[in-house]
1. Give the residues of the range 246-274 that are of a type in the set (S, T, N, Q) and farther than 20 Å from L310 by Cβ, sorted by residue number.
2. Return the residue satisfying two criteria in turn: it lies in the range 43-71 and is part of a helix (DSSP H, G or I) and closer than 19 Å to C141 by Cβ, and of such residues it is nearest to the ligand (Cβ to nearest atom).
3. With the structure loaded, tell me whether W78 is touching a Phe, Trp or Tyr at 6+ places or on another chain (Cβ under 9 Å), away from the ligand (no atom under 16 Å from the Cβ), assigned to a helix (DSSP H, G or I) and in contact (Cβ under 8 Å) with a residue 24 or more places away in the chain or whether it fails that test.
4. Which is within 26 Å of P208 (Cβ to Cβ) and of a type in the set (S, T, Y), of S59, S39, S18?
5. Would you confirm whether or not the range 277-291 contains a residue that is closer than 28 Å to I203 by Cα and at pLDDT 95 or above?
6. Please enumerate the residues belonging to the range 64-122 that are charged (D, E, K, R) and either over 13 Å from the mean Cα position of the chain (by Cα) or modelled with pLDDT under 95 (or both).
7. Somewhere in the range 200-209, is a residue surrounded by fewer than 20 Cβ atoms within 10 Å (Cβ to Cβ), outside any loop (DSSP other than H, G, I, E, B), touching a residue at least 12 places away in the same chain (Cβ under 8 Å) and at negative phi?
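The values are calculated or read from the model by the stated rules, or taken from the named source; none is laboratory data. Quick caveat, the model's predicted, so the values are computed rather than measured. Here the Cβ is made from the backbone with ideal geometry for all residues, glycine too, and neighbour counts use every protein chain on show.
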Amino acid sequence: MSRRILILYTGGTIGMLSTGDGYVPMPGFHDRLLQQLDSRATGQLPAYDLIEYGHLIDSANLVPAHWQRIARTLAEHWAQYDGFVVLHGTDTMAYSASALSFMLPGLDKPVILTGSQIPLAELRNDALDNLITALLLAGNCDIAEVCVCFNGRLLRGNRSRKVRSDGFDAFDSPNFPWLGRVGIDIELQTHRLLPPSEPRFEIPDFDPAAVVMIPVFPGIPADLIETVLQRPGIRGLVLQTYGVGNPPDADRALIAALERATAGGIAILNISQCQQGAVSQGTYATGATLNRIGVIPGADITPEAAFAKLQVLTGLGLAGDPLREALGRPLRGECTA
Ligand code: ASN
């Protein structure tokens, strides 16, 4: 096997140690990994190098600037490696996988995110299996997209979601079939994989204030939406509505606030609060209201991908019609056309 893989350790439970305050990410991941691999048939693993970031985070502390750092590391090392494994906390892994997929609009190698629910340092853990599986997939399979690999599931990164807080099967892609399953055999759904393309990085300077995400709820006050939409620097809103994309349209003040925002150039992407299915703005009169005021239907995109897509596109300077057009169609397989 001649492929060489770069592992990035960014933080997350996989490399945490227990302290009096709970689990905390700790340096020295590679030494702990080598200890664990000692008894394994490492000859079967692809060759790898490991970069450990100086500032390791619990991914609950992730901000969009971290996406820029990961993407820049990948860009710097793209030519020297055949695949990349990003070790990441599970809490925001789906956001980062989505953001990376939009920052790498063209790629010819695998970028596989994984992590664990129990740290590698614990006797009983899911860390080693997840890491070994991700390495084997990156080292042996012709994958040219950003994926999440967890508990034997290979998922499109921008379709993935953390669906369980306390199981090893923490990740799924509820609205899209898995790209593969690693059990006794590695079964890749090759027909679902995105085709390889000329590598291209589009890495923005992120403004964390540019995008917000709000779920509607019974009785949501119009002035809450209004206040958010008047925040300085806001360029996009992910609005999580009910069912097939229905907002509480009987609240005229709420709809008027949304309309003023779209008229003022803020992109509003309408997504469903349901795990499965898609937005269909117009099946109900409530949803049709959003068509009239310029809200963009988000099809079957996940909240994580919707947020990341808006962050990346606005960060790259897209606005107006080009932004609306890009939000309304799949860029990296994140939604169904
Ligand atoms: N809080 C941790 C993190 O996201 C959870 C984990 O990785 N399992 O960094």
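1. N246
2. Checking each candidate, the answer is Q44.
3. In short, yes.
4. Exactly one residue qualifies, and that residue is S59.
5. Scanning the range 277-291, I find no residue that is closer than 28 Å to I203 by Cα and at pLDDT 95 or above, so the answer is no.
6. R69, R72, E76, D82, D108, K109, E122 - these are the residues of the range 64-122 that are charged (D, E, K, R) and either over 13 Å from the mean Cα position of the chain (by Cα) or modelled with pLDDT under 95 (or both).
7. Yes; the residues of the range 200-209 include at least one that is surrounded by fewer than 20 Cβ atoms within 10 Å (Cβ to Cβ), outside any loop (DSSP other than H, G, I, E, B), touching a residue at least 12 places away in the same chain (Cβ under 8 Å) and at negative phi.
Results for (1) buried (at least 18 other Cβ atoms within 10 Å of the Cβ); (2) touching a His at 6+ places or on another chain (Cβ under 8 Å); (3) among the β-branched types (V, I, T); (4) assigned to a loop (DSSP other than H, G, I, E, B), shown as yes or no for each residue.
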site	(1), (2), (3), (4)
S96	yes, yes, no, no
L136	yes, no, no, no
R164	no, no, no, yes
G167	no, no, no, yes
W178	yes, no, no, yes
H191	no, no, no, no
P195	no, no, no, yes
